[in-house]
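S.K.: Below are the structure tokens for one structure; questions will follow.
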Protein chains: 2
Amino acid sequence: MVEVDHPVSIVEIRAAHERIRPHIHHTPVLTSEGLNEANGASLFFKCENFQKIGAFKARGATSAVFALDDVTAQQGVATHSSGNHGAAVARAAKLRGIPANIVMPSNSAKVKIRAVEGYGAHILFCEPTEEARESTCAEMIRKTGATLIHSFENEHVIAGQGTAAVELLEDVRNLDVVMCPVGGGGLLSGTAIAAKSMRPQIKVIAVEPANADDAAQSFHAGRRIVTEKKFTIADGLRTNVGEPNFRIIQCYVDDIVTVSEEAIVAAMRTIWETMKIIIEPSAAVPCAAILERAIELNGKRAGIILTGGNVDLDALPWSP
Amino acid sequence: MVEVDHPVSIVEIRAAHERIRPHIHHTPVLTSEGLNEANGASLFFKCENFQKIGAFKARGATSAVFALDDVTAQQGVATHSSGNHGAAVARAAKLRGIPANIVMPSNSAKVKIRAVEGYGAHILFCEPTEEARESTCAEMIRKTGATLIHSFENEHVIAGQGTAAVELLEDVRNLDVVMCPVGGGGLLSGTAIAAKSMRPQIKVIAVEPANADDAAQSFHAGRRIVTEKKFTIADGLRTNVGEPNFRIIQCYVDDIVTVSEEAIVAAMRTIWETMKIIIEPSAAVPCAAILERAIELNGKRAGIILTGGNVDLDALPWSP
């Protein structure tokens, strides 16, 4: 049990699950005999690419928005996001019937902007820097009285993200390993708490792009290290890991490994071609670790959270 | 009950299902609330893109190869195919441990050639014309004594293709409509027999590219019309409908409608973006009819067979 503002344990994750159940998909788990044979393991893919808004982020945002008391909720919610979390908060606010204010960097993908607009949120554009995002969001909150729904440093978000692992471990018995990518660490911290609580002997392994390896560095150094961001195609994972998230990761995660950009693109394409499902580059990151043998899964039963499927079909990474 | 060489009825389809069950996937049925809302209907997508070899063709080919008696089977099987049927026959022959001889046009996609090779089949290349394919295949059969597994004019193939509709109607109750594309008519004839036998009030609606509309022309004229082939991106549907298939279609199919090339590409992209699954152009053809309102589904429960997901990711139809 680790403190964020409040502790997050399996109890909070179960409560989040009850809160969000009417509003999210219980996503399917798919398997591929071809990939199992090629990798000498039994792989179970939890398809959060089929989740509402096309990504697991719907879980955490809905959990946090529906955890607010009525008086607070009426003031609205706010966040800054260039990607799936903004759409997830906008959708959750619409479901609850409260205002959403989303700060987006001016260079956000048009498809992401349209998604947020589609849920009727108020969008405020800012310069594409972390500082501008945070200051613009803080100013908006000061003016509107809205509540910040941070994309990973928020206990209800962490609890919500942990519900994917709850479903995975309930649907697939006797998993030896559970794997997910790590960016800010919202999904990883929730996954780790859920998995270790439900099945203490399970190994929790996170995978990170080598070009954005602050979580791996931090994990191995035993202290949180903030790094300069290099480019990675896994745009959902460019963030540095959050402080409360890192404390949970230190307690519950068994290893964090890294993969190259080439391996991420190759894994994404392999999943598309063999499983006929669309996953985004960030979702391909754990698959890259498996296909590159960056982790040893021989004979094991491994659950992999495929985090999202929002891809610009006009700009695929293997296009000329 | 309609004669091919032997009659095909739900009894033969059930028998085919038992024969192939150990070798094929019972594929999932997916739904999309977004597409349901946009179209005012309840749509149930039978995901044969997740089938073995990435297409429903695994059902018919496996049905036919496993229907052979042992003495005949030992002489091997043969077919001509530029696409999924060749891979399906090669795979079924490998499973049964008998030789497969596949005639492929010299301009077949490399990925299709690799798939057939991967199952250990003997490939014979020919000129890319229907005449060359048939004469090369006939010559190969004369030399080897192999049995022809025609891709649609074969009662065991028809019965095998009908098993997708059996699963769909068993998994989704009270369907008003079942839809599939039509090329040679193997899938459509099997689907129509299965659906009308299991649920006589169901409407069976086929969809065809306007650029290859021989089945629609034939259906409305009441006699089989063979047309010149224009180009269609739905490469699985360029074939003229078979004679035995057309007789079944006349008995059991309620309508055949056509869609434009633009509608096919738009529908394919919509399915990719909203459902996060990969379907090939031929599989998008019924979806195009729905999205273009070429058929009236208002308030109805419609099952759509998504026939396959084998796409060259380097040559997508919306690429510049």
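The values are calculated or read from the model by the stated rules, or taken from the named source; none is laboratory data. Everything numeric here is computed off the predicted structure, so don't read it as measured data. Heads up, the Cβs are rebuilt from the backbone with ideal geometry, glycines too, and the neighbour counts pull from every protein chain shown. The accessibility values were calculated without ligands, DNA or RNA, using every heavy atom of the protein model including side chains. Shrake-Rupley method; radii C 1.70, N 1.55, O 1.52, S 1.80 Å.
S.K.: Need one value: the accessible area of A:THR31 in square angstrom, 1.4 angstrom probe, rounded to the nearest 10.
M.R.: Rounded to the nearest 10, that gives 80 Å².
S.K.: In vacuum, with every alpha carbon of the stretch A:232-320 counted as one equal point scatterer, what does the Debye formula give for log10 I(q)/I(0) at q = 0.15, 0.23 Å⁻¹? Two decimals, please.
M.R.: Computed log10 I(q)/I(0) values: -0.63, -1.26.
S.K.: Further, regarding this structure: At 1.4 Å probe size, with no ligands or nucleic acids counted, give the accessible surface of B:VAL11 in Å², nearest ten.
M.R.: Looks like 100 Å² after rounding.
S.K.: Between B:THR144, B:THR239, B:THR163, find the one with the highest GNM mean-square fluctuation for chain B; connect C-alpha pairs within less than 10 Å.
M.R.: Looking only at B:THR144, B:THR239, B:THR163, the largest GNM fluctuation is found for B:THR144.
S.K.: For A:ILE123, place a label point 7 Å out from Cα along the Cα→Cβ vector, do the same in each other copy, and report the separations in nm, one decimal, smallest first.
M.R.: Sorted ascending, the copy-to-copy spacings read 4.6 nm.
S.K.: Just the number, please: carbon plus sulfur as a percent of the accessible area of the protein assembly as shown, 1.4 Å probe, no ligands or DNA/RNA counted.
M.R.: After summing per-atom areas, the C and S share lands at 49 percent.
S.K.: Then there's this: Could you tell me the distance between the Cα centroids of the stretch B:112-133 and the stretch A:292-314, to the nearest Å?
M.R.: 33 Å
S.K.: Distances from A:ARG14 to the same position in the other copies: list them in nm, one decimal, shortest first, using label points 7 Å from Cα along Cα→Cβ.
M.R.: 4.5
S.K.: Hey, rough spin-label estimate for B:GLU127 and A:HIS25, points 7 angstrom out along Cα→Cβ, what's it come to in nanometres?
M.R.: 4.9 nm
S.K.: For B:GLU131, what accessible surface area do you get with a 1.4 Å probe? Give it in Å², rounded to 10.
M.R.: Rounded to the nearest 10, that gives 130 Å².
S.K.: May I pose another question? Mind grabbing the interface size between B and A? I mean buried accessible area, both sides, 1.4 Å probe, in Å² to the nearest hundred. Intermediate results must be reported in sequence, preceding the final value.
M.R.: Working: alone 13250 and 13230 Å², together 24800 Å².
Summed over both sides, the interface buries about 1700 Å².
S.K.: Next up: Quick one: Cα centre-to-centre distance for the stretch B:35-66 and the stretch A:204-283, in angstrom?
M.R.: Cα centroid to Cα centroid, the span is 34 Å.
S.K.: When DSSP beta bridges are limited to those with both residues in the protein assembly as shown, what percentage is antiparallel, rounded to the nearest 5?
M.R.: Approximately 15 percent, going by the DSSP bridge assignments.
S.K.: State, to one decimal in nm, how far the label point of A:ARG199 lies from the label point of B:ARG14, with both points 7 Å from Cα in the Cβ direction.
M.R.: Each label point lies 7 Å from its Cα, and together they span 3.9 nm.
S.K.: Go through A:LYS276/B:LYS229; A:LYS52/A:LYS112; B:LYS110/B:LYS143; A:LYS46/A:LYS94; A:LYS112/B:LYS276 and tell me which ones have a Cα-Cα distance over 23 Å in this structure.
M.R.: A:LYS276/B:LYS229; B:LYS110/B:LYS143; A:LYS46/A:LYS94
S.K.: Enter the mean number of other protein chain beta carbons within 10 Å of the beta carbon of each residue in A:82-89, as an integer.
M.R.: 0
S.K.: OK, next. Let me confirm one metric for peptide A:44-54, namely the mean number of other chain beta-carbon atoms within 10 Å of its residues' beta-carbons.
M.R.: Taking all residues of A:44-54 together, the mean is 2.
S.K.: If the label for B:GLY299 sits 7 angstrom from Cα along the Cα-to-Cβ line, what are its distances to the same label in every other copy, in nm to one decimal, shortest first?
M.R.: Going from nearest to farthest copy, the values are 6.1 nm.
S.K.: What is the helix-to-structure angle for A:243-252, meaning the angle in degrees between its Cα long axis and the longest Cα principal axis of chain A, kept from 0 to 90 and rounded to the nearest 10?
M.R.: That helix lies at roughly 30 degrees to the long axis.
S.K.: Restricting to Cα pairs below 8 Å that are 6+ residues apart, what does the relative contact order work out to for the stretch B:58-148? Please round to a whole percent.
M.R.: It rounds to 32 percent for the stretch B:58-148.
S.K.: In nm, give the distance between the simple-model label positions of A:ARG269 and B:ARG142, each being 7 Å from the Cα along the Cα-to-Cβ direction.
M.R.: 4.3 nm
S.K.: If packing is taken as the average count of other Cβ atoms within 10 Å, what order do A:259-265, B:211-217, B:186-192 fall into, highest mean first?
M.R.: B:186-192, B:211-217, A:259-265
S.K.: Another one. Dividing the Cα convex hull volume of the protein assembly as shown by residue count, how many Å³ per residue is that?
M.R.: Cα convex hull per residue, to the nearest whole number: 148 Å³.
S.K.: Could I ask something else about it? Express the C-alpha Rg of the stretch B:58-148 as a ratio against the empirical globular expectation 2.2 N^0.38 Å, rounded to two decimals.
M.R.: 0.97
S.K.: So, one more: What angle, in degrees between 0 and 90 and rounded to the nearest 10, separates the Cα long axis of helix B:261-275 from the longest principal axis of the Cα atoms of chain B?
M.R.: Compared with the principal axis, the helix lies near 80 degrees.
S.K.: Let me ask another. For chain A, find the longest principal axis of its Cα atoms and tell me its angle to the long axis of helix A:10-20, 0 to 90°, nearest 10.
M.R.: Approximately 60 degrees, to the nearest 10.
S.K.: So, for the stretch B:58-148, what is the accessible surface per residue at a probe of 1.4 Å, expressed in square angstrom?
M.R.: I get 44 Å² per residue for the stretch B:58-148.
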